[in-house]
Amino acid sequence: MAQKSEYIQTETGNKVSRKSLIIGSQNIILGGKTIIQAECCIRGDLRRLVPQGQSAAAVAIAVGRYCFLSRGSLLRPPSKIYRGQFSYYPMKLGDHVFVGEGSVIEAAVIGSYVSIGKNCVIVRGSLHH
């Protein structure tokens, strides 16, 4: 009996661990050649709510090319209260971003060529270019 690989490989060369948790995958874009290790969680289900009749970008999280999400890291879009309404905002990671083990990323933008260490918490309002 053939054993399944721990990683699923996409057409664009992304490798996603079968032991990771990807929620709302229809709202997540992976740029290509990105590796997502076991126990990572990406929350694409947390996206901006808009009033009926208006359209919003469907993308909650966009991850650039050649990114590496280490074991146990968490990506979730930033949120805030605007005009009395709680809402999430899109998150964008640039190319060649390294997210260390156990880190939580909740910033709107992480620029390209950024390395985030182990057990870091990057929150809304942080600038990383």
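The values are calculated or read from the model by the stated rules, or taken from the named source; none is laboratory data. Just so it is clear, the model here is predicted, and its values are computed rather than measured. With ideal geometry, Cβ positions are generated from the backbone for all residues, glycine too; neighbour counts draw on all protein chains shown.
Taking I35 as the residue in question, decide whether it is more than 11 Å from the chain's Cα centre (by Cα), β-branched (V, I, T) and either modelled with pLDDT of 95 or more or over 21 Å from E6 (Cα atoms) (or both). Judged against the criteria, I35 is a match. Please state which one of G72, G53, G64 is at positive phi and at pLDDT 95 or above. From the options G72, G53, G64, the qualifying one is G72.
Number of residues in the stretch 7-44 that are exposed (fewer than 13 other Cβ atoms within 10 Å of the Cβ) and in contact (Cβ under 8 Å) with a residue 24 or more places away in the chain equals 1. Every condition in (1) farther than 24 Å from Q9 by Cβ; (2) modelled with pLDDT of 95 or more; (3) touching a Ser or Thr at 6+ places or on another chain (Cβ under 7 Å) is met by S87 except one, and the failing one is (2). Of all residues in the stretch 59-88, those satisfying the criterion of being touching a residue at least 12 places away in the same chain (Cβ under 8 Å), over 14 Å from I28 (Cα atoms) and basic (K, R) are R71, K80.
Condition test on S112, is it modelled with pLDDT under 90, surrounded by 12 or more Cβ atoms within 10 Å (Cβ to Cβ) and assigned to a loop (DSSP other than H, G, I, E, B)? The answer is no for S112.
Scanning for something without any contact (Cβ under 8 Å) to a residue 24 or more places away in the chain and either surrounded by 15 or more Cβ atoms within 10 Å (Cβ to Cβ) or more than 19 Å from I23 (Cβ to Cβ) (or both), does the stretch 89-109 turn up at least one residue? Yes, the stretch 89-109 contains at least one residue that is without any contact (Cβ under 8 Å) to a residue 24 or more places away in the chain and either surrounded by 15 or more Cβ atoms within 10 Å (Cβ to Cβ) or more than 19 Å from I23 (Cβ to Cβ) (or both).
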